[in-house]
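First comes the structure, then the notes that go with it.
The values are calculated or read from the model by the stated rules, or taken from the named source; none is laboratory data. Remember, predicted model here, so these are calculated numbers, not experimental data. Heads up, the Cβs are rebuilt from the backbone with ideal geometry, glycines too, and the neighbour counts pull from every protein chain shown. Note: accessible area is taken over every heavy atom of the protein model, side chains too, but ligands, DNA and RNA are not part of it. Shrake-Rupley method; radii C 1.70, N 1.55, O 1.52, S 1.80 Å.
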Amino acid sequence: MTSHETGPPTSETPVDAVSVVAPQLRALRRRAALTLEAAARAAGLSPAHLSRLETGQRQPSLPMLLSLARVYGTTVSELLGETAADRDAVVRADAMEPTFAGGWTYWQAGGAGRGMQALRVHVPHGSQGDIVRVHPGEEWIHVLRGRLRLRLGDAVHRLGPGDSAHFDSLTPHRIAAQDVDGVDLLFVHTLLQSPTAALCLGPATATTHHDLGEMP
């Protein structure tokens, strides 16, 4: 049992919101194509506890809502049934601030709180080594500049500018830049990620297969 589950139900979530949160939690989990067990594990809960939250038998605390929102790639507001009417559908180039991780550079090309994550990515040459990734969801990659080496299972594909790949992320995969100048990509994936992950690409800390909770 984790720290999320100790003690009686908290009063951090209004009682009248529980009737909204419970079905919303179930709907978002199903939208993310996660089993009760997988979602609970990623959020640090037991399957039984998450089931009680989804049926309204337990009242979620704010930390629980934050964890589940991250797992489902959404916001606490959506979990509470609120809609962001003023959510901007357009992302301007001058609003894309770069993020750096282990030599990789990312620009958020999509809006926050969506069911998919869209990125523009620069992958430097020789940065990934033998890291193979496995995680729920789908990925779409489009090469803008340079040449990409994509390994999907036992198959190796070489992609050039204008080429794309669309695959199930449960297929073990690895990407690497073939050119010394690196490769520039457009990248879209469904947000079925670790509750602590903001990005699903980039160098990791081990050279083994990755699953929920282990992406950088």
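So here's what we get for this one:
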quantity	calculated
Wholly within the stretch 117-188, strands (runs of 3 or more DSSP E) carrying at least 3 residues that are open to solvent by 60 Å² or more (accessible area, probe 1.4 Å) and either under 22 Å from ALA101 (Cα atoms) or hydroxyl-bearing (Ser, Thr, Tyr) (or both)	138-145
Residues that are within 20 Å of the chain's Cα centre (by Cα) and either modelled with pLDDT under 85 or under 26 Å from ALA118 (Cα atoms) (or both), drawn from the stretch 37-61	ALA38, ALA39, ALA40, ARG41, ALA42, ALA43
Tabulated pairs, the stretch 28-53, first closer than 13 Å to PRO136 by Cα, second among the acidic types (Asp, Glu), C-beta under 8 angstrom, 6+ apart or interchain	ARG29/GLU54
Counted residues, the stretch 11-35 - those being open to solvent by 50 Å² or more (accessible area, probe 1.4 Å), part of a loop (DSSP other than H, G, I, E, B) and either modelled with pLDDT of 60 or more or touching a Ser or Thr at 6+ places or on another chain (Cβ under 8 Å) (or both)	3
Enumeration of residues in the stretch 93-111 that are part of a strand (DSSP E or B) and open to solvent by 70 Å² or more (accessible area, probe 1.4 Å)	PHE100, GLN108
THR207 being within 22 Å of ALA69 (Cα to Cα) and either modelled with pLDDT under 90 or of a type outside the set (A, V, I, L, M) (or both)	no
Among (1) outside any loop (DSSP other than H, G, I, E, B); (2) without any contact (Cβ under 8 Å) to a residue 12 or more places away in the chain; (3) open to solvent by 50 Å² or more (accessible area, probe 1.4 Å) - the single one VAL90 does not satisfy	(1)
Neighbours by Cβ (under 6 Å, 6+ apart or cross-chain): first from the stretch 54-78, assigned to a loop (DSSP other than H, G, I, E, B); second open to solvent by 50 Å² or more (accessible area, probe 1.4 Å) and modelled with pLDDT of 80 or more	ARG58/ARG52
Answer from THR74, THR83 - the residue that is open to solvent by 50 Å² or more (accessible area, probe 1.4 Å) and modelled with pLDDT under 80	THR83
